[in-house]
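*Asks:* Can you keep this structure in mind? I'll have questions shortly.
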């Protein structure tokens, strides 16, 4: 159970002698075991935000607090590209992120659920991009994360593969719930997954809308419901259109 | 099909070796000179040097020196190379040093080492290491500069320890550069080490070659050369090739 408190007053970097402001005055509270989608245009600084939360980027003004009972929270990160180690097999890639003795049954069951059992001893470069993305998702789930960060994990996949992996991801999450920050610019995808949608502006990034998704979890597969919610959303908050 | 073409290639390789042998034999017979013995003569000298134990002794001495200086140069070179590749200010500071050391002729380093430290064993090793080190540093530095930031971030996000990151993320990326440094290093070292031995040691292949030069004993010179070439070939075939193949197995 981990809640995340994000309070960034300023994140800037120097480019060509100019100061580019990526994030300004962003405050966001993510509750424990909540699935939050960050929706915003490309290049608005969503990846930067995830990197800050992951602790990969400390060059900012503000605080990130992960409230967590017990020792350090486990953090899973599914990057925009799969970022698998090409010199290790699929299975070894997953085992490597686990400290100590890797629990074989857990990996077996995750591989089976993601339909990768057959290729577990293949090297990543021999797999399709969609398969590599699934491995990256398993890797993140295998550590049994308290916090899961996902950065457009389905981008550049064809619609059917994206839908298939999305469904698998959602069922995995339902079995092992944890706090998720999910970045996307696909509104339908966000509605299908999230408890809450956070809409973001282009640089410098700020929150324009914070909308709970009131669709029951069992109905997230219903394309009609998703579409209806989307129509409503765009009518009620026309400002969103400008940022999609 | 592949098996057949493999055989064809093997046949070609063997016949090219035979051709060298025939040409050599032919020249030796035509010239009939003391300075170009026939292959049979060289083989006989080689065999005598082997059973007398002289050749194995000097070969072992030289190989021992090679091994020690190679190990020192590689480990030191890897450490410095990684440091310079990851640390911009260190790189900016030491770049000139590298250029200077790269361009000092091998012979100068050897002479200076002997002049400053005497005709000692460790002065000889030092001379070889100093000659080899800059090459290793440059090649490893290149590798360290091109380490994938994506994978390093992945390791950091998943809380890899420094050791784990080095072993599983950094070293495999450096491996091709290390192999290049090893290959070029071996061929460089074994050329330098002969000069080092010739100038200041009283054993080893270099010392023996010097002796044969003074005696105009070309047959022994060639016999020793063959022994050396064969050993280097064996190292390539039995150690480097398998290492290379293992490291490449994941590539598409």
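The values are calculated or read from the model by the stated rules, or taken from the named source; none is laboratory data. Note that the structure is a prediction, hence the values are computed from the model and not measured. Virtual Cβ from ideal backbone geometry, glycine too; neighbours counted across all protein chains shown.
*Asks:* Just one of the numbered conditions (1) touching a helix residue (DSSP H, G or I) at 6+ places or on another chain (Cβ under 8 Å); (2) within 14 Å of chain B (Cβ to nearest Cβ); (3) part of a helix (DSSP H, G or I); (4) in contact (Cβ under 8 Å) with a residue 60 or more places away in the chain is not true of residue A:140; which one?
*Replies:* Of everything listed in (1) touching a helix residue (DSSP H, G or I) at 6+ places or on another chain (Cβ under 8 Å); (2) within 14 Å of chain B (Cβ to nearest Cβ); (3) part of a helix (DSSP H, G or I); (4) in contact (Cβ under 8 Å) with a residue 60 or more places away in the chain, residue A:140 misses just condition (1).
*Asks:* Tell me which of these residue A:91 doesn't satisfy, since it passes every other one: (1) modelled with pLDDT of 90 or more; (2) surrounded by fewer than 21 Cβ atoms within 10 Å (Cβ to Cβ).
*Replies:* Result: residue A:91 fails condition (2) only.
Results for (1) touching a helix residue (DSSP H, G or I) at 6+ places or on another chain (Cβ under 7 Å); (2) buried (at least 19 other Cβ atoms within 10 Å of the Cβ), shown as yes or no for each residue.
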| residue | (1), (2) |
| --- | --- |
| B:162 | no, no |
| B:166 | no, no |
| B:172 | no, no |
| B:185 | yes, yes |
| B:193 | yes, yes |
| B:203 | yes, no |
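*Asks:* Still on this model: Here are A:59, A:115, A:80, A:29: which of them is more than 29 Å from residue A:156 (Cβ to Cβ) and either surrounded by fewer than 19 Cβ atoms within 10 Å (Cβ to Cβ) or within 14 Å of chain B (Cβ to nearest Cβ) (or both)?
*Replies:* Just one listed residue meets the conditions, A:29.
*Asks:* Scan the stretch B:135-150 for residues that are within 13 Å of chain A (Cβ to nearest Cβ) and buried (at least 16 other Cβ atoms within 10 Å of the Cβ) and report the count.
*Replies:* Our first condition is that a residue be within 13 Å of chain A (Cβ to nearest Cβ); within the stretch B:135-150, this holds for B:147-150.
Now narrow it down to the ones that are buried (at least 16 other Cβ atoms within 10 Å of the Cβ): B:147.
Here the count works out to 1.
*Asks:* Follow-up question, since we're still on this one. Condition test on residue B:132, is it buried (at least 19 other Cβ atoms within 10 Å of the Cβ) and at pLDDT 90 or above? Quick ask: steps written out before the conclusion?
*Replies:* Working: buried (at least 19 other Cβ atoms within 10 Å of the Cβ): yes; at pLDDT 90 or above: yes.
Here the answer is yes, as residue B:132 does meet what is asked.
*Asks:* Next up: Can you pull out the residues in the stretch A:87-107 that are assigned to a loop (DSSP other than H, G, I, E, B) and within 9 Å of chain B (Cβ to nearest Cβ)? Explain how you work it out, then say what you get.
*Replies:* Going residue by residue through the stretch A:87-107, those that are assigned to a loop (DSSP other than H, G, I, E, B) are A:87-89, A:97-103.
Of everything in the stretch A:87-107, those that are assigned to a loop (DSSP other than H, G, I, E, B) and within 9 Å of chain B (Cβ to nearest Cβ) turn out to be A:87, A:88, A:89, A:97, A:99.
*Asks:* Now, a different point. Quickly run through the stretch B:195-252 and pick out the residues that are under 15 Å from residue B:57 (Cα atoms), under 19 Å from the mean Cα position of the chain (by Cα) and without any contact (Cβ under 8 Å) to a residue 40 or more places away in the chain.
*Replies:* Result: B:209, B:225.
*Asks:* Here is a check on your reading of the model: is residue B:45 in contact with a helix residue (DSSP H, G or I) (Cβ under 7 Å, 6 or more places away or on another chain) and either closer than 29 Å to residue B:129 by Cα or modelled with pLDDT of 90 or more (or both)? Step through it out loud before you land on a result.
*Replies:* Numbers: in contact with a helix residue (DSSP H, G or I) (Cβ under 7 Å, 6 or more places away or on another chain): yes; either closer than 29 Å to residue B:129 by Cα or modelled with pLDDT of 90 or more (or both): yes.
Yes, satisfied.
Matching residues to (1) more than 14 Å from chain A (Cβ to nearest Cβ); (2) within 20 Å of the chain's Cα centre (by Cα); (3) in a helix (DSSP H, G or I):
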site	(1), (2), (3)
B:113	yes, no, yes
B:119	yes, no, no
B:126	yes, yes, yes
B:133	yes, yes, yes
B:152	no, no, yes
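*Asks:* Can you tell me which residues in the stretch A:33-50 are within 14 Å of chain B (Cβ to nearest Cβ), farther than 17 Å from residue A:197 by Cβ and either more than 12 Å from the chain's Cα centre (by Cα) or crowded, with 21+ Cβ neighbours inside 10 Å (or both)?
*Replies:* A:48
*Asks:* Of these, A:191, A:198, A:211, A:240, which one is buried (at least 17 other Cβ atoms within 10 Å of the Cβ) and over 18 Å from the mean Cα position of the chain (by Cα)?
*Replies:* Details: A:191 fails: over 18 Å from the mean Cα position of the chain (by Cα); A:198 fails: over 18 Å from the mean Cα position of the chain (by Cα); A:211 fails: over 18 Å from the mean Cα position of the chain (by Cα).
Exactly one of A:191, A:198, A:211, A:240 is buried (at least 17 other Cβ atoms within 10 Å of the Cβ) and over 18 Å from the mean Cα position of the chain (by Cα), namely A:240.
*Asks:* Here are some conditions: (1) free of Cβ contacts under 8 Å to residues at least 12 places away in the same chain; (2) touching a helix residue (DSSP H, G or I) at 6+ places or on another chain (Cβ under 6 Å); (3) away from chain A (no Cβ under 14 Å). Residue B:157 meets all but one. Which one does it not meet?
*Replies:* It fails just one condition, (3).
*Asks:* Does the stretch A:144-159 contain any residue that is in a helix (DSSP H, G or I), within 13 Å of chain B (Cβ to nearest Cβ) and either crowded, with 22+ Cβ neighbours inside 10 Å or out of contact with any strand residue (DSSP E or B) (no Cβ under 7 Å at 6 or more places or on another chain) (or both)? Talk me through it step by step, then tell me what you get.
*Replies:* First, pick out the residues of the stretch A:144-159 that are in a helix (DSSP H, G or I): A:159.
After this cut, where a residue has to be within 13 Å of chain B (Cβ to nearest Cβ) as well, the list is none.
Checking the stretch A:144-159: not a single residue is in a helix (DSSP H, G or I), within 13 Å of chain B (Cβ to nearest Cβ) and either crowded, with 22+ Cβ neighbours inside 10 Å or out of contact with any strand residue (DSSP E or B) (no Cβ under 7 Å at 6 or more places or on another chain) (or both).
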